[in-house]
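Student: I'd like to ask you about the structure that follows.
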Amino acid sequence: MQRHIRELTYFAQRIVQKTEIAEEIVQDSFVKVWEARHSFQTADNIKAFLYISTKNACLNYIDSADTRRRTYYNELSEDILHPDTDVLTGIIHAETIGIIYNELEKLPAQQAKVFRLSFFEGFSTEEICRELGISSNAVFLARSRAVQTLQKIFKDKDTLYYIAFLHILFTPLK
């Protein structure tokens, strides 16, 4: 559960657009894994089941009559309109976010905080200065060093993860 919860919750949240619903769906997926635990032969089987189960539950939530009425006037994102092509993208994106979070724990605290605030929270340099009580030069330096370190890590990993990492750097998360 600890290994996959962050990525699965992020993945579900991108589909259903609601944190509480995403968390509930992911918890249900873990219950399903537990109930069928004797059916799995490898950790990869468990991971695949979790993503498939989560995706299906998210799509069921979106298709439910109650939800359809509430979201009828809201614009559906392209991710939901084309689930087959975006599921793989969503999985890679979620996995990349998980890798980034794990690698941030290894960075100096200030670099990790600046990176999180910049790329995950969308804070401006000035907002980070106020939040952390540091100068704009310190923010720039911490952000640059964090990005440099993470780029090196991702260059050594699978190419898809490196591309996803670069996409995250240049497309702020919502």
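Student: Please verify whether the stretch 45-62 includes one or more residues that are out of contact with any strand residue (DSSP E or B) (no Cβ under 7 Å at 6 or more places or on another chain), of a type outside the set (Gly, Ala, Ser) and more than 20 Å from residue 90 (Cβ to Cβ). Spell out the reasoning first.
Tutor: Taking the stretch 45-62 as the starting set, the residues that turn out to be out of contact with any strand residue (DSSP E or B) (no Cβ under 7 Å at 6 or more places or on another chain) are 45-62.
After this cut, where a residue has to be of a type outside the set (Gly, Ala, Ser) as well, the list is 45-47, 49-52, 54-56, 58-62.
Next, from what is left, pick out any that are more than 20 Å from residue 90 (Cβ to Cβ): none.
No, that holds for no residue.
Student: Of the residues that make up the stretch 119-138, is at least one modelled with pLDDT under 75, surrounded by 12 or more Cβ atoms within 10 Å (Cβ to Cβ) and either of a type in the set (Phe, Trp, Tyr) or touching a helix residue (DSSP H, G or I) at 6+ places or on another chain (Cβ under 7 Å) (or both)?
Tutor: Checked the stretch 119-138: no residue is modelled with pLDDT under 75, surrounded by 12 or more Cβ atoms within 10 Å (Cβ to Cβ) and either of a type in the set (Phe, Trp, Tyr) or touching a helix residue (DSSP H, G or I) at 6+ places or on another chain (Cβ under 7 Å) (or both).
Student: Six or more apart or on different chains, Cβ under 6 Å: which pairs go from a residue in the stretch 42-66 that's closer than 16 Å to residue 27 by Cα to one that's modelled with pLDDT under 85 and outside any helix (DSSP H, G or I)? Could you list them?
Tutor: 46/40; 50/4
Student: Here is a follow-up. Restricting attention to helices (runs of 4 or more DSSP H) lying wholly within the stretch 96-155, give those where 1 or more residues are farther than 20 Å from residue 6 by Cβ and small (Gly, Ala, Ser). Lay out the reasoning, then the answer.
Tutor: Numbers: elements: 109-115, 125-132, 136-155.
By residue number, 136-155.
Student: Residue 38 fails exactly one of the following numbered conditions: (1) in a helix (DSSP H, G or I); (2) closer than 24 Å to residue 102 by Cα. What is the number of that condition?
Tutor: (2)
Student: Suppose we filter the stretch 139-150 for residues that are within 19 Å of residue 105 (Cα to Cα) and open to solvent by 30 Å² or more (accessible area, probe 1.4 Å); how many remain?
Tutor: So the count comes out to 6.
Student: Looking at the stretch 43-64, can you tell me whether even one residue there is under 16 Å from residue 10 (Cβ atoms), surrounded by 15 or more Cβ atoms within 10 Å (Cβ to Cβ), charged (D, E, K, R) and modelled with pLDDT under 85?
Tutor: No, the stretch 43-64 has no match at all.
Student: Do you know which residues across the stretch 1-21 are under 18 Å from residue 96 (Cα atoms), hydrophobic (A, V, I, L, M, F, W, C) and within 15 Å of the chain's Cα centre (by Cα)?
Tutor: Within the stretch 1-21, 5, 8, 11, 12, 15 qualify.
The values are calculated or read from the model by the stated rules, or taken from the named source; none is laboratory data. These numbers were taken from a predicted model, which means no experiment stands behind them. Here Cβ is always computed from backbone atoms with ideal geometry, including for glycine, and neighbour counts include all displayed protein chains. Protein only, heavy atoms only, side chains kept; ligands, DNA and RNA dropped before computing areas. Shrake-Rupley method; radii C 1.70, N 1.55, O 1.52, S 1.80 Å.
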